[in-house]
Structure formats: C-alpha cells, structure tokens
1. Output the peptides 170-179, 106-115 sorted from most to least packed, where packing is the average of other Cβ atoms within 10 Å over each peptide's residues.
2. Can you tell me which of 222-233, 150-161 comes out highest on packing, and rank the rest after it, using the mean Cβ neighbours within 10 Å?
3. Around Thr106, under 10 Å between beta carbons, what's the net of Lys plus Arg minus Asp minus Glu among the other residues?
4. What nm value, rounded to one decimal, do you get for the distance between Ala11 and Asp60 when each label is placed 7 Å out toward the C-beta?
Amino acid sequence: MRHKNPLDIEATDRAVYQAVRNHLRAGEKPTIGLIAEELGVSSSAVYRAAKRYGYASWSDMVGQLGQYLKNNRRVVEHTGDDANGIDLLAQAFMRHRGGRVLLQGTGDADICRRLLVYRLGALEFTAMPYTPQIARACLEQSEDGNAGLALIFNESGLACWQDALECVQCGFETVAVTADANTPVARASNLAIAIKSNKSALSAYEPNYFAAGSLALVERALERFIYLMERESLSALS
C-alpha cells in the first residue's frame, strides 16, 4: 500500500483552507462536496483537513471562519497623530494579553520585530519571531482555534504576504503594518494599519518615514495598552 507523502497532505490542507476562505469572502457557504470537486480530492480528505486545523467538524470550520472573517477584516489609515491605528493595536494587545504573539518584519522596519520580542516579553506575553513551523505548532496547541496575535511589519507588502496568510490560516489575529491599505500583506491580514511612506529616489536621498512611523505606532500602542491594563486593575479594586 502506498502511503501519502506528508507534504502532499499539508498542501491539500492549505488548499482546502484557502478555498473555504475564498468562498466565505465571496459571501458563499461552501460544502464539502463543492471544495472536493474544486480541488480534485476526496470529500474525506477535505473533512480531515478541517480536523487537522483543529476544528470539531466541517460545519464548525465553515461557521467559525465565516464569523472570524466577518468581524476582523478592517483597514485603517494611520498618519501623524491619528489615534485609530494606535487604539486598534492597543486593543489587539488587550485581547491577547498574556498569550502568544508572533512577530515578523522586513527591511528597515524589522527593528520593530526585534524591539517587540523584548518589550512584549516584559509585559508577560509569549513573544516569538515568526516561522511557519511555530505558527502551525501554536495552532495545534490552541484549544479553540485562536492561536494568538501576529504582527507583521512590511512596507511594500510583498515580502511577507505569504507569512500573513499562513498566520491567518493558523488561527492568529493578524495585523499588518504596511505602507498602503492595498498592499498584498494588507489584503491577506485581518487588520491593516497603513503608515505614510517616502521611499528614497535614486537621484537623491530622502528619509524613509515608514520605519520611524512604525516605531512610533508601536510605542504609543504599548503606552495605551499599559494605560488600559492599569485602568482595568483600578476598576477591579473599586
């Protein structure tokens, strides 16, 4: 008897997950038979994919993903003193306090990833650099399909869009900080915060505001998060 290659199983699982997301985003509720026909696999393979992603059943997968996509897809333009991006990031920290946070960054903004590993660790988060293996392990360890929070810093939105997609597929609330609300990483994430960018021209150096803006966003969001934590503690004592 020929055993199926584990890599083939993983590819099938990811294809099933992506197909379900595509239908849900189009306002459709897919059936096992429909997904099996689209992907050219058996219905049992589709069902097993749902189970391996940690869902109780096929209907549980479709129902939870549908609700998740409905509630979590937002894009925010963050510039200057606009508080929206700061508040939304602080609220994301509140929702996942004491939990897992995966961090990914590229280019100049990778400094945000490196900073947050230490800053969030000091605030009792389990902060880890992103790898696909860590993301999948977190999904396997989660009891309700909610693996934690993922923060991705990618100015162009090209280098990390597959990382964002992987995080979403693994049950992370995924926040992308990027230069434009329409970049690939923004479209792949649950929440995108767009920061003004000014790339240097070949003929003359110009400061790139994205890395500085990302650092400012992170610091102010952490200040807001600490304030919210302190206010909640005082409310509990009164």
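Since every read-out is calculated from the coordinates, none of them should be taken as a lab result. Not measured: the values here are computed from a predicted model. Reconstructed Cβ throughout: ideal geometry from the backbone, glycine too, with neighbour counts over all protein chains shown.
1. Working: 170-179: 26.7, 106-115: 17.7.
By packing density, highest mean first, the sequence is 170-179, 106-115.
2. Values: 222-233: 13.9, 150-161: 24.6.
Peptide ranking by packing, descending: 150-161, 222-233.
3. Details: positive: Arg113; negative: Asp108, Asp110, Glu155, Asp163.
With Lys, Arg at +1 and Asp, Glu at -1, the net is -3.
4. So the two model labels end up 2.9 nm from each other.
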